[in-house]
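So the structure is just underneath, and the comments pick up after that.
The values are calculated or read from the model by the stated rules, or taken from the named source; none is laboratory data. Since we're looking at a predicted model, the values are computed, not measured. Cβ placement follows ideal geometry from the backbone for every residue including glycine, while neighbour counts extend to all protein chains displayed. The accessibility values were calculated without ligands, DNA or RNA, using every heavy atom of the protein model including side chains. Shrake-Rupley method; radii C 1.70, N 1.55, O 1.52, S 1.80 Å.
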Amino acid sequence: MLPRYPSDTSDLEWALLERLLPVPACQTPKGGALEKWPRRRVIDAIRYITDNGAKWRALPADFGIPWRTVFGYFARWAKAGVLRHILDQLRRRLRLNRRRCPWPVRVIVDSQSVKGAEIVSKATRGYDANKHINGRKRHLLVDQDGLLVDLLVTPADVQDRDAARVLLTRLHAEHPEIVLVWADNGYGGDEFSTWAQTAL
């Protein structure tokens, strides 16, 4: 299959991704209708939107799939944990190729405030007084190679420590093998340190 866009999957990428997707309903014991759209095109459409930061409605017509259908796949897979599973498995593969333990035991937490466009709802953005940015904040957990482990997006006025409580609680439940988290001074303070030692 010849790619139409730089974000389209290569044959090697598709061979990796196809195995990580859930079994189509028509192949399960309960059964279901055959899927109308080829999954590779659906994945390519999702990657196009992600790569270009475009609106779902801006999906090019040459994909041949209605944007609502592509969004429907994305939403169902996200809700079912399929996207997280893909992330975990691809990170695991990369770590094994680098002769590392398959699952990270040490992670780094940090955040980045990003200016929000005018179309971003006021309910989902805030003003980061330290960075003088009105927008959103990305809170990231990565392994020592910079591979994504988890993330949380909040309004920019949310304190790093508050977002870290959510992220680290989730991390502790999903990855109990992680024993060390590195953070900068934005996560300091006796109250937060005490909470981390007690709760985690």
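Here are the numbers for the structure shown:
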read-out: Accessible solvent surface per residue of the chain, calculated while the other protein chains remain in place, 1.4 angstrom probe, Å²; value: 63
read-out: Accessible surface of the chain [probe 1.4 Å, protein heavy atoms]: carbon and sulfur percent; value: 55
read-out: Out-of-range pairs (alpha-carbon distance over 30 Å; input 79/131; 36/137; 36/122; 36/115; 36/79); value: 79/131; 36/137; 36/122; 36/115
read-out: C-alpha long axis of helix 39-52 to longest principal axis of the chain, angle in °; value: 40
read-out: Separation in nanometres of the label points that stand 7 Å from Cα toward Cβ, at residue 68 and residue 144; value: 5.0
read-out: Packing-based order for 42-48, 159-165, 181-187, using average beta carbon neighbours within 10 Å, highest first; value: 42-48, 159-165, 181-187
read-out: Angle in degrees between helix 160-174 and the longest Cα principal axis of the chain, rounded to the nearest 10; value: 60
read-out: Over the stretch 87-200, volume per residue of the alpha carbon convex hull, in Å³; value: 115
read-out: Summed side-chain charge close to residue 107 - residues other than residue 107 whose Cβ falls under 9 Å, Lys, Arg +1, Asp, Glu -1; value: -1
read-out: Against the rule of thumb 2.2 N^0.38 Å, how large the Cα Rg of the stretch 35-129 comes out; value: 1.40
read-out: Assigned charges on the beta-carbon of Lys, Arg, Asp, Glu; the chain dipole about Cα centre (debye); value: 660
